[in-house]
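I have placed the structure first, in the form of C-alpha cells, so that the comments after it can refer back to it.
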Amino acid sequence: MMPEQFALCVVFHVRPEHVDEFASRVGDNIAETHKDAGVVFFKYHKVAGEPTWILYEIWESERHSDLHRQKPDVREFFAQSSRLLAREPEIYRLEPSM
C-alpha cells in the first residue's frame, strides 16, 4: 500500500517594498524544488493586486516534504521571512476532500 500524498498550502504576505526581491526568490525556489525527489506539484500564485503569494505543494509523502525543508536553499528562503514578510507565513496542511 502506498503512503498518502502530503499537501500544504502556504500564504506569504510580503512587505510591499520587498515584492520584487520576493518574486525573484520564488523563481529560484521553484527551480530548485522541481529537482527534489518526491515532489508531485509545487506552484506559487500571486494574488492579483496584492503583495501576497500562495504556494500549493504536493509531495509523495510527508518525509519528502521534511527532506525538502532541510535543504540549505529552503532554510535560507525562510531565514529571510522576517525581513521580507509583513507577518509569519500561514501554513495549512491539506487533506483530501474525497
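Assorted remarks:
- Each residue in region 69-93 was checked for being surrounded by 12 or more Cβ atoms within 10 Å (Cβ to Cβ), touching a strand residue (DSSP E or B) at 6+ places or on another chain (Cβ under 9 Å) and among the β-branched types (Val, Ile, Thr), and 0 of them qualify.
Residue by residue, here is whether (1) over 12 Å from the mean Cα position of the chain (by Cα); (2) modelled with pLDDT under 95; (3) of a type in the set (Asp, Glu) holds:
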position	(1), (2), (3)
SER24	yes, yes, no
ARG69	no, yes, no
SER82	yes, yes, no
LEU85	yes, no, no
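- All positions within region 31-67 that are aromatic (Phe, Trp, Tyr) and more than 10 Å from the chain's Cα centre (by Cα): PHE41, TRP59
- Residues that are among the hydrophobic types (A, V, I, L, M, F, W, C) and touching a Cys at 6+ places or on another chain (Cβ under 9 Å), drawn from region 41-59: ILE54, LEU55
- Residues satisfying the stated conditions in region 14-50, i.e. crowded, with 16+ Cβ neighbours inside 10 Å and part of a strand (DSSP E or B): VAL14, VAL39, PHE42, TYR44, LYS46
- Selection count, region 51-90, where residues are farther than 20 Å from GLU17 by Cα and assigned to a loop (DSSP other than H, G, I, E, B): 4
- Subset of region 51-68 [among the acidic types (Asp, Glu) and crowded, with 17+ Cβ neighbours inside 10 Å]: GLU57
- Test set (1) within 24 Å of PRO96 (Cβ to Cβ); (2) modelled with pLDDT of 95 or more; (3) surrounded by fewer than 17 Cβ atoms within 10 Å (Cβ to Cβ); (4) not polar (S, T, N, Q) - ALA7 fails condition number: (3)
- Of all residues in region 44-98, those satisfying the criterion of being of a type in the set (Asp, Glu), touching a residue at least 40 places away in the same chain (Cβ under 8 Å) and closer than 18 Å to GLY27 by Cα are GLU57, ASP73.
- If you go through region 50-67 and keep only what is of a type outside the set (Asp, Glu) and closer than 14 Å to GLN5 by Cβ, you end up with TYR56, ILE58, TRP59, SER61, ARG63, HIS64, SER65.
The values are calculated or read from the model by the stated rules, or taken from the named source; none is laboratory data. Keep in mind that this is a model prediction, so the values were computed, not measured. Positions of Cβ are generated from backbone atoms using ideal geometry, with glycine treated the same way; all protein chains shown enter the neighbour counts.
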